[in-house]
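*Asks:* I have a structure I would like to understand better, so I am pasting it below and will then ask my questions one at a time.
Since every read-out is calculated from the coordinates, none of them should be taken as a lab result. Since the model is a prediction, treat every value here as computed from it, not as a measurement. Quick reminder, even Gly has a Cβ in these numbers, built from the backbone with ideal geometry, and neighbours come from all protein chains shown.
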Amino acid sequence: MTPFIVVFALFDRVTQLDFTGPYEVFWRLPGAQCVMAAVEGGEIHADGGLVIAGVQRLADVPHADLVCVPGGFGVIEAMGDAAFVREVRRLADDARYVTSVCSGSLVLGAAGLLRGRRAACHWAWRDLLPPFGATVDEGRVVRDGNLITGGGVTAGIDMALTVMADIAGAEHAQSVQLGIEYAPAPPFDCGRPERAAPEILGAVTARLDRLRADRYAAVQRAAQRL
C-alpha cells in the first residue's frame, strides 16, 4: 500500500491538542504515515510546556498528502517566520488536503492559501481572517474544496474525522470515533461564545484581548507580504 503522508507543521508554543487530537485520528487511517515537522526539527515546546521530540525538518519532507497546521500562542512568530510559511506553502501546493485547527488558519492565510476561500478559526480570532482574502465561516469544521479548517482546539478531532470519512469512508471514520470513544459530553454547555454566560465570555475575551494588538499587527504584516 502506498503510504498516505500526513504532515503536522509545528512551531514553538503550539497548542498541543490542536495537532495531537487529529494525530490520534489520522494514524488510524489505512496506510497513514504521520510526520511531525518544524523548521529546525528536533524538539518543539508546546504552549503548556509539553516537549515534543523526534520532530523532522520541514525542508526534509518531500511531499504531503495532507498537511495540518495547528495554532497556539506561538502563531505570531509562525506567521512571521518566512521559512515556516514557505514550507507550508510548498507542502500545500500538491497536497490532497490542506487543513488547520484553531488559529492555524492564520498561518494558511499568511501562506496565501485562503484567498477567496471560506475558513474557520478559533472564535476569538475569526476577525483576523479577512485581511488574507478569506470569508469567515463560524462552523466547527469548514470545507471549501480541498481546504478543511477547524475551529478552536477540540474541533481538530471533528476535522480529522471529517477528512477520514472522505478518504476511507464514513463507516471507517465511525469505527475510529467509536474506538477512541469520542462522545463529547462536557460538564458545562459553554464551549461557544453564544452559549457562555456573559461574565464568563467577558473574562475570557478580556484575557485574549491582551494578545489582540500583537496578533492584528502580525496579520497585517503577513497580509502585506502576499
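*Asks:* Can you tell me the dipole magnitude for segment 40-193 around its Cα centre, using point charges on the Cβ only (Lys, Arg +1; Asp, Glu -1), in Debye to the nearest 20? Walk me through the numbers before you get to the answer.
*Replies:* Details: 12 positive and 19 negative charges, 86 e Å.
Rounded to the nearest 20 debye, it is 420 debye.
*Asks:* Further, regarding this structure: Amide H neighbours of Gly71 under 5 Å, counting only residues 5+ apart in sequence or on other chains, H built in-plane at 1.01 Å?
*Replies:* HN-HN under 5 Å from Gly71: Thr15, Val101, Ser103, Gly104.
*Asks:* Still on this structure, please answer the following. What nm distance separates the two modelled labels at Arg115 and Phe73, each placed 7 Å from Cα along Cα→Cβ?
*Replies:* Between Arg115 and Phe73, the label points sit 3.5 nm apart.
*Asks:* Moving to a separate point now. Once Lys and Arg get +1 and Asp and Glu get -1 on their Cβ, which of Leu178, Val98, Met159 lies farthest toward the positive end of the dipole of the chain?
*Replies:* Val98
*Asks:* I need the helices of the chain that pass two filters: whole DSSP H segments spanning 20 Å or more by Cα along the axis, and mean Kyte-Doolittle score no lower than -0.5.
*Replies:* Numbers: long enough: 198-225 (38 Å, -0.41).
Span-like helices, by this rule, are 198-225.
*Asks:* Which residue, Leu208, Leu128, Leu106, tops the fluctuation ranking in a GNM of the chain built on C-alpha contacts under 10 Å?
*Replies:* The residue with the greatest mean-square fluctuation here is Leu208.
*Asks:* Right, another one. Let me see the pair-distance distribution of segment 126-226: every alpha carbon pair, 5 Å bin width, integer percents in order.
*Replies:* Reading the bins upward from 0: 2, 10, 15, 17, 19, 15, 11, 8, 3.
*Asks:* Another question, if that's okay. Most exposed first by the Cβ proxy, i.e. fewest other Cβ within 10 Å, how do Glu138, Glu87 rank? Mind dumping the intermediate values first?
*Replies:* Working: Glu138 13, Glu87 23.
With the sparsest Cβ surroundings first, the list reads Glu138, Glu87.
*Asks:* So which residue, out of Ala83, Ala185, Ala59, gets the largest mean-square fluctuation from a GNM of the chain using Cα contacts under 10 Å as springs?
*Replies:* Sorting by GNM fluctuation, first place goes to Ala185.
*Asks:* Provide the FRET efficiency to the nearest 0.05 for the His45-Ala197 pair, computing r from the beta carbons and using R0 = 41 Å. Don't jump to the answer; show the numbers that get you there.
*Replies:* On the way: r = 34 Å, r/R0 = 0.82.
It comes to 0.75.
*Asks:* Moving on to the next point. Determine the percent antiparallel among the DSSP beta bridges restricted to the chain, to the nearest 5.
*Replies:* Details: 7 of 28 bridges.
Once the DSSP bridges in the chain are tallied, antiparallel ones form about 25 percent.
*Asks:* Using +1 on the beta carbon of Lys and Arg, -1 on that of Asp and Glu, and nothing else charged, what's the dipole of segment 88-160 about the Cα centre, debye to 20? Kindly include the intermediate steps, with their values, before the conclusion.
*Replies:* Working: 9 positive and 7 negative charges, 29 e Å.
It comes to approximately 140 debye.
*Asks:* Output the relative contact order of segment 4-225, whole-number percent, from Cα pairs under 8 angstrom with separation of 6+ residues.
*Replies:* So the answer I get is 18 percent.
*Asks:* Please build a GNM for the chain, connecting alpha carbons under 10 Å apart, and tell me which residue among Cys34, Cys68, Cys102 fluctuates the most.
*Replies:* With Cα springs under 10 Å in the chain, the top fluctuation among Cys34, Cys68, Cys102 is at Cys34.
*Asks:* Evaluate E = 1/(1 + (r/R0)^6) for Leu211 and His172, where r is the Cβ-Cβ distance and R0 equals 35 Å; express this FRET efficiency to the nearest 0.05. Walk me through the intermediate numbers first.
*Replies:* Numbers: r = 39 Å, r/R0 = 1.10.
Using R0 = 35 Å, I get an efficiency of 0.35.
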